[in-house]
1. Run down Gln50, Gln44 and say which single residue is under 29 Å from the mean Cα position of the chain (by Cα), surrounded by fewer than 10 Cβ atoms within 10 Å (Cβ to Cβ) and closer than 19 Å to Glu75 by Cβ.
2. Within region 62-81, can you find the residues that are under 16 Å from Gln51 (Cβ atoms), part of a loop (DSSP other than H, G, I, E, B) and small (Gly, Ala, Ser)?
Amino acid sequence: MHSQIGSVSLEEVVRIERAARQAQAEMIFAAFAGLYSFLRRAWQDHVARQQLESLDPRLLRDIGLTRFDIDAALEGRVVREAPAAAGNDNGLKGALSAA
């Protein structure tokens, strides 16, 4: 027996409801995935800030930073000068670049 609601069959209504539930579940999953990514990045930034703030001024200077550069470094806004001599590239060139 095929039931109909108006001009739409009951099977079609069930199919549409299942598709709507699936779409809703996918949206909820995407929201939680986005929240997880945000919280993970916030935690990584927090840990990085703590690590940089724990360094003494000499160590910060060794990596080309001062205490005042920490926020900019974490936001990717620090520009590092290229090494003066061609043979002095110690692998840090471009480690921090302008955003």
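1. After applying the criteria, what remains is Gln50.
2. Gly64
Rule-based calculations on the coordinates, nothing more; no lab input. Here the structure is a predicted model, which is why all the values come from computation and not from measurement. When we count neighbours, we look across all protein chains shown, and the Cβ atoms used for this are built from the backbone with ideal geometry, even at glycine.
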